[in-house]
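Engineer: Before I ask anything, let me first share the structure, which is written out below as structure tokens.
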Amino acid sequence: MRRIFYLLITGALIAGAQAQTVTQTFALRSGWNSIWLEVEPSNAAIDGVFAGLPVSSVWTYVPKDSPVEFIQQQTEAQFNEPGWLSYLPPSRPDSFLSTLFAVHALHAYLVKLTNAATLTVTGIPVLRPVKWVTDSFNLRGFPVDPAHLPTFDTFFAPSPAHAGQAIYELQPGGQWQQVVPSARMKQGEAYWAYCQGASTFPGPTGIELEIGEGLRYGALLTELMPRVVNHSTANRNVCWREMLNGANNPLSYQIFADNRLRWVNLPSPYCSNLLAGEYVDQRLAIRRSAFTGTNYASIIEITDDLGTRYLVSVTGEKLLAGRSSLAATNEAGYPTAGLWIGSATVTNVNEPNSSQPLRTTPTRSAFDLRLILHVDGSGKVWLLKEVIQMWQNGTSTINAEGFVVTDQPGRYVLLTDEALIPQYRGASLRDGVPVGRRISTLDFDFEGGMVAMSGALAGGSTASGTMVLEPNFPTNPFKHRFHPDHDNLDATYTRFKEEAYRITRNIELRFSATDPAGGDNTSSLEYGHNVFGGVYHEAITGLHRTDIISEGTFRLTRIANSPVLNQ
């Protein structure tokens, strides 16, 4: 399992994106039917799934990781032994014996109807690793493409545990009959398939996810890496198709071209050749700046040329601004509100003593300045010299039933005033002791904890601010407490006398509408939402009779979405 690390994550509540749903349809005959569900129903209650259908009973088998004897006839005694869960509709006098109350994805169900009917189940497709019961028959369905159905022998040929083993299909009369290996498989139908020995075989082509049952980017992940495995002994052509947005989807995949790695928008379909026995970690990243709203939800269909098909749900969200207060529940914050960390790289400076003192020329080597910015709920930009993340405990009350319930959840807070630290708890543990997380910069100093900047943090805008180091400011470069000419004291060393110069730093951050670094790195996919960059410009007055001008580039990343400081 690949690990993912975060520098700083706030505890703000973010609305989750609802995954896109699909509908699975079953044409059920009168009598017994064997179905395989590929989607997790939106309403999993069995009364809701089979509402309006002439259901006589519904059965499912829950394996105990031990062999099960094959059932030839639905009326055999084994059908009522432990391991089987049943649903008997309320119209039956024995309905109180029901043990099956919900219907879930990747389960097989035996459904008996009094009349033919059509069952439609709407839900989210689910992908999980396959678990076979060793040396036993397993009741299950298979990920096959309804537009290109494989045969049983071609589907199971790559697996020694399944190739040539007996497979039974439910007949209209309720009997299980062994299938012919050359027969076509059916999508959405469950079979009794024998597994000889241990097996995790999903099909000729398999899909393995890093975590979860779909591609869940949330509000923080940029990249996920599903693995595509070719279990067959021949090359396979595997295609990815985004079913909702087509080629206009906000997904990208990585390729190696022009002697470098590049991110390219995912076409629909996107097909590639997978060698026999090979696996590929398909790097898929999400471009939140391409969202049409605040979230993205869709389904990706993955197929191969043999007839294997998987449906994978994909969701992603934008990191929205947190609430300015715990009392506000539906507050719409500024899009870029939060804490931004990055650096400015100075590459050009002027030469004050030259004939063109305002013209900048390249430096021999670049040097970096650390930047810390905060954007509040109204879009106001502040330049910070340090920020400390702390934790505020939640509050709880006792309800009328006597239970303790959460009144206000705990949350992270961002502080620039150290005097407020005792009011909160540490945000992380160090040697078992809660401590705060401090982020600071040595490159900017000023009176107070922050400097207001004009302008906005947005593409195409400019944010500018002024820092003043008064003659008596501790880090004024001309002040020296032990030098009589620079200690700002008179000859008696008792009264203030200005001897150092006032230093003024005027900073401009010119935000680029497009990523100035190009589109080859992963952070470029977040540009315009959680990443911004542009031109850094600074003019220093007071060090020389001519202003000292420096220029370069900067890049900022949002690491917290709290729109408030010190509360």
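Engineer: By residue number, which cysteines of the chain lack any other Cys whose Cβ falls under 4.7 Å from their Cβ?
Structural biologist: Cys195
Engineer: Something else now. How high is the relative contact order of the chain, given as a whole-number percent (alpha carbon pairs under 8 Å, six or more residues apart)?
Structural biologist: Numbers: 1389 pairs, mean separation 73.9, N = 567.
Relative contact order of the chain: 13 percent.
Engineer: Now for a different question. Given a cut-off of 21 Å, what percent of all Cα-Cα pairs of the stretch 247-371 lie beyond it? Could you put the intermediate results ahead of the total?
Structural biologist: Numbers: 5196 of 7750 pairs.
Summing the P(r) tail past 21 Å for the stretch 247-371 gives 67 percent.
Engineer: Label-point separation (nm) for Thr475 and Thr154, each offset 7 Å from Cα along Cα-to-Cβ?
Structural biologist: 7.0
Engineer: In whole percent, and with a 1.4 Å probe on the protein chains, what portion of the accessible area of the chain is carbon and sulfur?
Structural biologist: Carbon and sulfur: 52 percent of the exposed surface of the chain.
Engineer: Do the sum for the chain: with -39,500 (n - 2.57) for every DSSP H run of n ≥ 4, divided by all residues, what is the mean residue ellipticity at 222 nm, to the nearest 500 deg cm²/dmol?
Structural biologist: Working: 2 runs with 9 residues, N = 567.
So the calculated ellipticity at 222 nm is -500 deg cm²/dmol.
Engineer: Still on this model: What number comes out for accessible area per residue over the chain if the probe is 1.4 Å? Units Å², please.
Structural biologist: Values: 27830 Å² over 567 residues.
I get 49 Å² per residue for the chain.
Engineer: In nm, what is the difference between 0.36 nm times the number of residues separating Asn235 and Gln177 and their Cα-Cα distance?
Structural biologist: Values: separation 58, 0.36 × 58 = 20.88 nm, distance 3.30 nm.
Full extension from Asn235 to Gln177 adds 17.6 nm.
Engineer: Now for a separate question. Quick check of the Kirkwood formula: for the chain, what is the inverse mean of 1/r over all pairs of different Cα atoms, in Å?
Structural biologist: Numbers: mean 1/r = 0.0347 Å⁻¹.
Across the chain, the inverse of the average 1/r is 28.8 Å.
Engineer: Can you give the FRET efficiency for Ala166 and Arg128, using 1/(1 + (r/R0)^6), R0 = 30 Å, r = Cβ-Cβ distance, to the nearest 0.05? Walk me through the numbers on the way to the answer.
Structural biologist: Working: r = 25 Å, r/R0 = 0.83.
About 0.75, to the nearest 0.05.
Engineer: Set the Förster radius R0 to 25 Å, insert the Cβ-Cβ distance between Ser378 and Glu418 as r into 1/(1 + (r/R0)^6), and round the FRET efficiency to 0.05.
Structural biologist: On the way: r = 25 Å, r/R0 = 1.01.
Calculated transfer efficiency: 0.50.
The values are calculated or read from the model by the stated rules, or taken from the named source; none is laboratory data. What you see is a predicted model, and the numbers here were worked out from it, not measured in a lab. With ideal geometry, Cβ positions are generated from the backbone for all residues, glycine too; neighbour counts draw on all protein chains shown. Please note that ligands, DNA and RNA were not included when accessible areas were found on the heavy atoms of the full protein model with its side chains. Shrake-Rupley method; radii C 1.70, N 1.55, O 1.52, S 1.80 Å.
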